[in-house]
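Enquirer: Below is a structure I'd like to ask you about.
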Amino acid sequence: MLSVATWNINSVRLRLPIVEKYMREEAPDILCLQEIKCQNDQFPAEALADLGYEHQAISGQKGYHGVATVSRVPIRDITRHDWQDNGEARHVGVEVVGRDMFLENVYVPAGGDVPDREVNPKFGQKLDFLDRMTRWADALDRPTLIVGDFNVAPLESDVWSHKQLLKVVSHTPIEVETLDRFRNAHGWRDIGREHVPHPERYYSWWSYRSPDWRKNDRGRRLDHMWASPALAEHAKAHRILEEARSWEKPSDHVPLVTEFDV
């Protein structure tokens, strides 16, 4: 079995104690982090290697964005796509050596506050990012798992209120349609929803603005794990660690993990 986790950590240096806690207690074989918010030489590589995650692929940037994949099993750093088309560090792709799996770690732009590319260029950049991902997926011909913060909650049960969030960035119809085109380009299977079927509640993010995230439970499913059709057949278990949202100095996202029989 091989366990793969994804987590938008919202600054890996600030939240290193809870990353270490997660690794000690949950011990996934591979952990994909998004929004590490540091340059490569500032990444806590040694601290994570000391916990057994000595295989690392890091794509960092000063103060913003950035992704990193760290592993207890051998991985080979192979791609760093610029789907944002401006040099931002939002992707790293690795081959999981000897496991017939390629693992893509992505951080899709949030898209700003207004769902209109004419008045909010960030929203247009988000849609264009997803379009570039779609063109890449259309030519994909290998067993692939893509994970990360997609910043889109596509299903009605992926948000606390479908009606109230229809015009809020992350759940608008145009974002959902754009993400759906990406899914269809490769026939991706949504591992999370295969194990937590719609319309069951399934969130991975709760805003810092909520004074009591658990009581109010105004969550969204922004984080995803999608697999090529053949690879998805090997997904045996999937879980969400909601309790991580209550850890000391938490990220606003929580980890997801899938176990594969590969």
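Enquirer: Go through the range 163-206 and give me each residue that's under 13 Å from residue 151 (Cβ atoms) and either at pLDDT below 95 or assigned to a loop (DSSP other than H, G, I, E, B) (or both).
Expert: 168, 169, 170, 171, 172, 204
Enquirer: Sticking with this structure for a sec: Do you know which of the residues in the range 236-259 that are more than 17 Å from the chain's Cα centre (by Cα) and not acidic (Asp, Glu) is farthest from residue 13 (Cα to Cα)?
Expert: Here is the first cut: in the range 236-259, the ones more than 17 Å from the chain's Cα centre (by Cα) are 236-237, 243, 246-249.
The next check asks that each one be not acidic (Asp, Glu); those that pass are 236-237, 246-247, 249.
Details: 236: 32, 237: 30, 246: 18, 247: 16, 249: 12 Å.
So, considering only residues that are more than 17 Å from the chain's Cα centre (by Cα) and not acidic (Asp, Glu), the one farthest from residue 13 (Cα to Cα) is 236.
Enquirer: Just one of (1) within 20 Å of residue 115 (Cβ to Cβ); (2) loosely packed, with under 14 Cβ neighbours inside 10 Å trips up residue 200, so point out which.
Expert: The single condition residue 200 does not satisfy is (1).
Enquirer: For residue 228, work out the one condition from (1) open to solvent by less than 20 Å² (accessible area, probe 1.4 Å); (2) in contact with an Asp or Glu (Cβ under 6 Å, 6 or more places away or on another chain); (3) not aliphatic (A, V, I, L, M) it doesn't fulfil.
Expert: For residue 228, the exception is condition (2).
Enquirer: Can you confirm whether residue 252 is modelled with pLDDT of 95 or more and out of contact with any Leu (no Cβ under 7 Å at 6 or more places or on another chain)?
Expert: yes
Enquirer: Continuing with the same structure: Within the range 120-164, can you find the residues that are among the hydrophobic types (A, V, I, L, M, F, W, C), out of contact with any Phe, Trp or Tyr (no Cβ under 6 Å at 6 or more places or on another chain) and within 14 Å of residue 174 (Cβ to Cβ)?
Expert: Passing the criteria: 123, 127, 152, 153.
Enquirer: Separate question: For the range 96-117, which positions are surrounded by 18 or more Cβ atoms within 10 Å (Cβ to Cβ) and among the basic types (Lys, Arg)?
Expert: Once the filter is applied, which keeps residues that are surrounded by 18 or more Cβ atoms within 10 Å (Cβ to Cβ) and among the basic types (Lys, Arg), the range 96-117 yields only 99.
Enquirer: List the number of the failed condition for residue 175; all other conditions in (1) touching a residue at least 40 places away in the same chain (Cβ under 8 Å); (2) open to solvent by less than 80 Å² (accessible area, probe 1.4 Å); (3) out of contact with any Pro (no Cβ under 8 Å at 6 or more places or on another chain); (4) over 23 Å from residue 258 (Cβ atoms) hold.
Expert: Only one criterion is unmet by residue 175, namely (3).
Enquirer: Of all residues in the range 134-162, count the ones that are within 19 Å of residue 5 (Cβ to Cβ), open to solvent by less than 20 Å² (accessible area, probe 1.4 Å) and not β-branched (Val, Ile, Thr).
Expert: The number of residues fulfilling the criteria is 5.
Enquirer: Let me ask another. Please list, ordered by residue number, the strands (runs of 3 or more DSSP E) wholly in the range 1-95 having 1 or more residues that are open to solvent by 60 Å² or more (accessible area, probe 1.4 Å).
Expert: It comes to 75-79.
Enquirer: Further question on the same structure: Cβ contacts < 6 Å: first residue touching a residue at least 40 places away in the same chain (Cβ under 8 Å), restricted to the range 228-241; second residue surrounded by fewer than 16 Cβ atoms within 10 Å (Cβ to Cβ), any location; separation 6+ or different chain. Result?
Expert: 229/187; 236/261
Enquirer: Given the criteria buried (at least 20 other Cβ atoms within 10 Å of the Cβ), touching an Asp or Glu at 6+ places or on another chain (Cβ under 6 Å) and small (Gly, Ala, Ser), does residue 170 qualify?
Expert: No.
The values are calculated or read from the model by the stated rules, or taken from the named source; none is laboratory data. Bear in mind that the values here come from a model prediction, so they are computed numbers and not experimental data. So basically every Cβ, Gly included, is an ideal-geometry build from the backbone, and we count neighbours across all protein chains shown. For accessibility, only protein heavy atoms count, side chains too; no ligands or nucleic acids. Shrake-Rupley method; radii C 1.70, N 1.55, O 1.52, S 1.80 Å.
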